[in-house]
1. Could you work out the relative contact order of region 455-580, using alpha carbon pairs under 8 angstrom and six or more residues apart, expressed as a whole percent?
2. Based on other C-beta atoms within 10 Å, arrange V122, V68, V433 from fewest to most.
3. Give the average over all directions of the projected area of the C-alpha convex hull of region 572-618, one decimal, in nm².
4. Return the FRET efficiency for the residue pair R250, H325: r is the Cβ-Cβ distance, R0 is 22 Å, and the value is rounded to the nearest 0.05.
5. Where does the chain land at 222 nm, in deg cm²/dmol rounded to the nearest 500, when only DSSP H runs of n ≥ 4 count, each adding -39500 (n - 2.57), divided by all residues?
6. When all C-alpha to C-alpha distances in the chain are sorted into bins of 20 Å, what percent of pairs does each bin hold, rounded to whole numbers?
7. In a solvent-free Debye calculation with one equal scatterer on each Cα, what is log10 I(q)/I(0) for region 542-616 at q = 0.24 Å⁻¹, listed in the order of the q values?
8. Taking the Cβ of D437 as the center, what net charge do the other residues with Cβ under 11 Å away carry, scoring Lys and Arg +1 and Asp and Glu -1?
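All of the numbers you see were taken from the coordinates with simple rules; none came from a lab. The structure presented is a predicted model; accordingly, all values stated were derived computationally and were not measured. Note that we place each Cβ from the backbone using ideal geometry, even for glycine, and neighbour counts take in every protein chain shown.
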Amino acid sequence: MKPARAFWLLPYLLFSASLLHAAPPEANGKEVTIKADTLSIDVPAEQYRAQGAVRIEQDGVSLLADSVIYSRLSGDALAEGGVFLEKEGDTLKGERLSLNLISQQGELSNGELFVKRPNFRVRAQRLEKTGAEDYRLKRGSFTTCDGEKPSWRFEAREVVITLDEFATARDAVFYAGDIPLMYTPYLIFPVKRERQSGLLIPKFGQSSKKGIYLDLPYYWAINPSQEASFNLALESSRGVGLGADYRYLRSGGSEGRLQGFGIYDTGGGRFRGELNQSHLELLSPKTTLASNIHLLTDRDYYRDFGDFSGEYNRQLQVSTASIDHRWERYGFSGEFRYTEDLEAPNDTTLQKLPELNFIAAGSKLGPFFFSMDSGFVNFERIEGVTGQRLELHPRLTLYAKPAGALELSLYGGYHERLYNASGDQASGGIEQVGQADAGSVLSLPLERVYQGRLRHLLIPSLEYRFVQHGRDGDLPFFDWDDRVLGQSIASLSLASVVTGKYSEEGGAPQYRDLLYLKLSQGYQFSGERRDLLTLVDEGHRVADLMLESRANPVKGVSLAAEGRYNPVDGNLSTANLAVELTGEGDKLALLGYRHSRGELDYLEGRVAFPISARFSATALGRYSFDKGGLLESRYSLQYKQQCWSVIAAYSDRPGSSEIPHNREFTVNFTLAGIGVLGPIRAF
């Protein structure tokens, strides 16, 4: 039988028969230390009495009292006066403790039971022990707050507790300080050290889309490797919905998740919902299976029920199932990919069912290294040209170090593509095109170390790339891989890397890249250039000046910048800037800017900052310069005490012809220790 957390030590600590023989007291083979002002034994009655500053210790457990009496024949034990029982931070305090060690039943007067995790406290004038881990109290209170006057507490007519399981309360009243706020005839809550099943705190709010709504969540800790949460959503403008989220871990690192939400939308008079499944199966250290399946009842679902950017404005929904296997120098991958277009009819959306890839790398052939990329794709769709594409791209590479410090690589290959297309506009039969490619990279790495703490690596490089022009204009067009541009282009680059070495006392040294900077520019001798982000000026041969940079000057601060500058017309083609501040694993601030000439001009910022010891705030904004207005703004304010917190949040998302304007206000109240979620563990 598993011992109770608060009372378990008494059968071991209180007066074994070894006392009768004046031998060192022991219990279950573990030494017991007893200290008291006086210690007496009634041999005929087999009764033992310790009085005056009694202290009993055994195996990390302590019992303190003014007096302790134990009757061996009946199994009754009585501790009186300043009773204090402690084990690993869990404590039991009271004036008088009586306990039968055989039945494991007893009573504590004017007592308090404290469970360190999750800081659970029970107080009552009479606390009954009804079993090994079972307790009952009349007219008592419980809380997870510290102090004689807790910030919140429940007072109940009756509370029944099973440690490491649940507690139930009848006729419970919730108090904030001394103010009664809520009555419930019945309440159930978890009393566990680890993950806890139980009702989570409801979420209340109002929005333009949902109306007034209330979310009632429940968390179920199924076992150490499985957990689930359920959510009942009551929305005045939409109806009643139900959500579920099931997560699991398996031995060897395999894991998965199944999520779903469904609601009968009273606004549209129909059922709407989504189902998402993900799984990662590690068949072996080199073989992996994965799936990510997403199903929707209708293409407008995310517009009406999506809450965040990237969700309510999603354009494509992609489901995949894949396998991946790696050898030492080879790799194989296969994937089924189904794409659902949420903006346009899906009949013309191209599906890859399946896509297979085989990669060979690093095989030595004399002075050369042989590699090959190969792939096969089967394209399917309801309307339009369908078919198959086979690609074979072998390549030979030579590495050399002329003149000692210089590093040179030369490569040459041949890219063969074969097509078998069918459909109204397909020519029929096998079609093919082949293109030779070659190139070289010449670099001069220069390195210097300063005082053993800073390393500066400077790499100037000259690169040339050639791709034979292929007549592929008449071939099927499934994606941009079907139009490989012929090129003859040279580029010059300069890369600089600064790395810092940091040593903590008694620990291994750590390294952090403080700065990475690369400048590059190319010159087009012939051929074409393509950029899917912005227009390419084919009127001149000088390519854009490109910048890539990342900086981590101090721990918790990172800066990134990349962009392209057109030296002919003096305009920025693209620019991406980001500044991020992190602390203790959280993102405290982020500012990002994205610009693509003629396409987008966009600024996003997020910040979380403390106002005082109790108050903290967060803000998020996304602004479009090209559209001239805010795309989204969110603000929240949190007030946090030792055992509770409340978060008020407001969001405003302007609408468009497709997405309705939505304003939302929510209040989320949390009580520490009630329905706490935690990490799950594999068997």
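1. With pairs under 8 Å counted, the relative contact order is 19 percent.
2. Taking fewest neighbouring Cβ atoms as first place, the list is V433, V122, V68.
3. Mean orientational projected area (region 572-618, Cα hull): 4.0 nm².
4. 0.70
5. My calculation for the chain gives 0 deg cm²/dmol from helical runs alone.
6. The distribution over the chain is 12, 33, 31, 17, 7, 0, given as percents.
7. Each listed q maps to, in turn, -1.07.
8. +2
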